[in-house]
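**Student:** For reference, the structure I am asking about is given below.
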Amino acid sequence: MLAPLTPAGREPLVLFTTLARDERLFKRFFAGGLLDRGNVTLRQREIVIDRTTALCRSEYEWGVHIAFFGPKAGLTDEQIRSLVHGGPADECWNPSDSLLIRFCDELHETATVCDEVWAAMKREHSDEAMLELLMLAGFYHTVSYLTNAVRLPLEPDAARFGLAGLGGDA
C-alpha cells in the first residue's frame, strides 16, 4: 500500500505507516484526501491546508505540506510565517489569498463562515470550488487531530514552526 506513495530512495511518511496498520482506514483516508486536480488551484489548496493545520497546531502536517508543496504553490518565506502566526491583513497577501485565510480562520473559530466572507468567496469561486474548500478545511482538521493526538514524530525534512517564527514549542 505504501509503495505507490513513496518516492524512490525515501522512507514512507510516518503518517502513512501509522494509517497502514489498518487497510480500511488507510484506503478511506486516501479516498478523502483531495490532493488531486480539482476545482481549486494548487496555491489555493495549499493556503487552506497550511492555514488550517497551523491553526490546529499540527506541526507535523503543516511541515510536510510546506516542505513538499510550498515551493510549488509559490509561497514565500514571509507568507509561510504569516500562515503560522500572522493573519489575512498581513501585507504579504494579495486580496484573494487574504480572503482564503479569513475563510479558514472563521471556519476554525466558529465552524461556519459569515455572510460577508461567504459572498466574497462566491464572487471568486464556483459552487464546486466552495464545497471543495470546505471539505479541505474539514479534512485537514481531522488530519490535525490525528497527528496531534497520536503525537507523530516530525519528519526529518519537513518544515518547522520554529523556523516560521513561532519557537519550537508547538
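Please treat every number below as a calculation from the coordinates, not as lab data. These numbers were taken from a predicted model, which means no experiment stands behind them. Here the Cβ positions follow ideal geometry from the backbone for every residue, glycine too, while neighbour counts run over all protein chains shown.
**Student:** So which DSSP H runs in the chain come out at 24 Å plus along the axis (Cα) with average Kyte-Doolittle of at least 0.0?
**Tutor:** Details: long enough: 127-149 (33 Å, 0.56).
Membrane-span-like by this rule: 127-149.
**Student:** Could I ask something else about it? Suppose R0 equals 22 Å. What FRET efficiency, 1/(1 + (r/R0)^6) with r the Cβ-Cβ distance, do THR76 and HIS108 give to the nearest 0.05? Kindly include the intermediate steps, with their values, before the conclusion.
**Tutor:** On the way: r = 23 Å, r/R0 = 1.03.
Rounded to the nearest 0.05, the efficiency is 0.45.
**Student:** Also, quick follow-up: If the convex hull of the alpha-carbon atoms of the chain is projected onto planes in all directions, what is the mean projected area in square nanometres? Walk me through the intermediate numbers first.
**Tutor:** On the way: hull surface 39.7 nm².
For the chain, averaging the hull's shadow over all directions gives 9.9 nm².
**Student:** Using the basic label-point model (7 angstrom from Cα toward the beta carbon), what is the GLU116 to ARG28 distance in nanometres?
**Tutor:** With each label point 7 Å from Cα toward Cβ, the separation is 3.9 nm.
**Student:** Hey, what did region 12-152 get for relative contact order, percent, Cα under 8 Å, at least 6 apart? It would help to have the intermediate numbers written out before the result.
**Tutor:** On the way: 123 pairs, mean separation 50.4, N = 141.
Relative contact order here is 36 percent.
**Student:** Continuing with the same structure: With labels modelled as points extended 7 Å from the Cα through the Cβ direction, what inter-label distance (nm, one decimal) is found for HIS85 paired with GLU124?
**Tutor:** Distance between the two pseudo-spin positions: 2.5 nm.
**Student:** Something else about it: As a footprinting exposure proxy, order ARG81, ARG24 by other Cβ within 10 Å, with the fewest listed first. Spell out each step's value before the answer.
**Tutor:** Values: ARG81 17, ARG24 8.
Starting with the residue having the fewest Cβ neighbours, the order is ARG24, ARG81.
**Student:** Right, here's the next one. Give the order of SER96, SER126 when sorted by the count of other beta carbons within 10 angstrom, beginning with the fewest. Intermediate results must be reported in sequence, preceding the final value.
**Tutor:** On the way: SER96 15, SER126 11.
In order of increasing Cβ crowding within 10 Å: SER126, SER96.
**Student:** Measuring from the lowest to the highest alpha carbon on each principal axis, how far does region 38-86 reach, largest first, in angstroms?
**Tutor:** 26, 19, 18
**Student:** Using the basic label-point model (7 angstrom from Cα toward the beta carbon), what is the PHE16 to ALA149 distance in nanometres?
**Tutor:** About 2.3 nm separates the two model spin labels.
**Student:** Counting only the backbone N, which residues of region 94-117 are under 13 Å from the spot 7 Å out from the Cα of LEU134 toward its beta-carbon?
**Tutor:** Correct set: 107, 111-115.
**Student:** With runs of 4+ DSSP H residues as the only contributors, calculate the mean residue ellipticity of the chain at 222 nm using -39,500 (n - 2.57) per run, divided by the residue total and rounded to the nearest 500. Could the numbers behind the result be given before it?
**Tutor:** Details: 8 runs with 98 residues, N = 170.
Computed ellipticity for the chain at 222 nm equals -18000 deg cm²/dmol.
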